[in-house]
Amino acid sequence: MYADIFLRGAIFPTVPGADALAIRCGRIQAVGKALELQGLIGPDTEVLDLEGKAVLPGFIDAHTHFVRVGLERTFYVDLSGTKSLEEAMDRLREAARDRAGEWVMARGWDESKWPQKRPLKRADLDRVVPRQPCCAVRVDGHLVVCNTLALDRCPYPEGRLVDRDAGHLREDAAWAFLDAVPLDRTALVEAIAAASRRAAELGVTAVAEMSGKPEYIRAYQQALKEGKLRTRVFLYLPLELADHAVELGLEHGFGGELLRIVGVKAFADGSIGARTAALSSPYRDANDTGTLLLEAEDLAGIWRRLSHMGLQLAVHAIGDRAIGEVLRAARLAGISEHGRHRIEHLELPTEKQLEEMASLGLVASMQPNFVVNWSGPGGLYHERLGPERDSAIDPHSLVLKYGIPLAFGSDGMPMDPLYGFLGAVAPPHEVQRIPPEEAIRAYTAGAAYALFAERELGELAPGKRADLVILSDNPLKAPLQRLRVEMTILGGALIFRR
Ligand SMILES: [Zn+2]
């Protein structure tokens, strides 16, 4: 049986000694020495000479918001690069004319680049977009400014996250608001197509969509039918739908090759940026310990039902108090390691909590790009938590030390594994540092395990799906900043080439 595609002259950092790989019918046929495999080259085999480039399993982003990533690239008016507040307002006025009667959503403004040095406010937006709801996300994604019509649709009360006068929504309030904006199906399908193209450029062949709400699921199905989805998407349903999923008899893995359901997502707390992550001692810059969003007793009930049905639960828990509550729920629910239930972010666990996670078989779903974005001297975490907790945050090395399965993702901030690797391989603090082999593992085999997909994905071995990323150089040796994605292959099809 000849190969469809034969890669040779490559480095395989995860398969020592190999320099060639054969693909047949969308799967890996063989991987090893070119000399021994060359009999697989037939008259119709496409042979790619990779000249020392590195081949890895396609990256799997175990936690992202794929639709959101796509919307940022398609639907939003781009305000990045505006040189003044007036220029940003002009762009919004123009967009409002083009989209009469519809929402105007924008992103990328940065007042530090403007002579005025002040953020956009509600009154500014009301002036240029008076008759349609309009909102604009700041460049960092942590602040959204709304006009009056948009603000009327914000369910959050006035408080630290909502300043109605300025029209400012921060952090969790901002993200919940953006998620709730009603978008038509065409916009969502186009967003999915754009996110899928972007994923291919980044070497990402599979993602977990953590916002699997019904409108999005419908759009995913349409994108799939129209051939616009070229990324494997693993869906997590919102907690409100957990009982419906149970009633339907869904189990993890329901779906097909490109689109399937894995489980349910819940929130135990918020974020450090918004000071809503639940901590055991106060933030450094506020007399506050954050907010617990659920109680162990409530979570345990639904968790037990989900486990019983073979659905996975992924719980967002950042602060040590939230993580403690999730562990208490896990004990109450009597979960087993077969469920591979996940804690999302897991930023400030204690060692005792990690020990307990290991014994419960929980998976750590972490985002090393958070370290790059916010940890280290002068960073947001340092400011919010002080030096001691900043130097203990995102302890990838301890997670491995306790034998907890580790999966990496991006949360879409940005959805770029090579950027994220920096936060695990060259981080500001020792506890965050893991060897590059382990970082790659967490973004491939580790993520596959977290999605119950390790029999198909995450490794370069015969029989696995031919999802590959080809990098310019060996990630175990070359400086990460210089690495580039050269090609991405999904199920044996070339979906990106630089
Ligand atoms: Zn998320």
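The values are calculated or read from the model by the stated rules, or taken from the named source; none is laboratory data. Predicted, not measured: the structure shown is a model, and the values here were computed from it. Please note: Cβ atoms are built from the backbone with ideal geometry, for glycine as well, and neighbour counts cover all protein chains shown.
Some points to look at:
- Within segment 297-334, the set of residues being touching a strand residue (DSSP E or B) at 6+ places or on another chain (Cβ under 8 Å), away from the ligand (no atom under 16 Å from the Cβ) and either assigned to a loop (DSSP other than H, G, I, E, B) or on the phi > 0 side of the Ramachandran plot (or both) comprises just one member, Leu311.
- Among the residues making up segment 189-233, those that are within 16 Å of the ligand (Cβ to nearest atom), not in a strand (DSSP E or B) and not aliphatic (A, V, I, L, M) are Ser211, Gly212, Lys213, Tyr216.
- Of the helices (runs of 4 or more DSSP H) lying entirely inside segment 411-498, those containing at least 1 residues that are modelled with pLDDT of 95 or more and farther than 18 Å from Lys401 by Cα are 417-425, 445-450.
- Selection of segment 343-366 for residues being in contact with a Gly (Cβ under 8 Å, 6 or more places away or on another chain) and within 16 Å of the ligand (Cβ to nearest atom) yields Glu347, Ser365, Met366.
- Selection of segment 345-394 for residues being under 19 Å from Thr289 (Cβ atoms) and part of a loop (DSSP other than H, G, I, E, B) yields Leu346, Glu347, Leu348, Pro349, Thr350, Ala392, Ile393.
- Boolean, Ser281 is assigned to a loop (DSSP other than H, G, I, E, B) and either surrounded by fewer than 16 Cβ atoms within 10 Å (Cβ to Cβ) or of a type in the set (Phe, Trp, Tyr) (or both): yes
- From Leu37, Leu21, residue being crowded, with 16+ Cβ neighbours inside 10 Å, among the aliphatic types (A, V, I, L, M) and in a strand (DSSP E or B): Leu21
- Just one of the listed residues (Asp140, Asp90, Asp126) is acidic (Asp, Glu), outside the structural domain of Ile272 (by TED's automatic domain parsing) and assigned to a loop (DSSP other than H, G, I, E, B), namely Asp140.
- Residues that are in a loop (DSSP other than H, G, I, E, B) and at pLDDT 95 or above were ranked within segment 53-69; the one that is nearest to the ligand (Cβ to nearest atom) is Gly58.
- Taking the criterion of being in contact with a His (Cβ under 7 Å, 6 or more places away or on another chain) and buried (at least 24 other Cβ atoms within 10 Å of the Cβ), the residues of segment 333-362 that qualify are Glu344, His345, Leu362.
- Selection from segment 395-410 of residues that are surrounded by 24 or more Cβ atoms within 10 Å (Cβ to Cβ) and either within 16 Å of the ligand (Cβ to nearest atom) or part of a helix (DSSP H, G or I) (or both): His396, Val399, Ala407, Phe408, Gly409, Ser410
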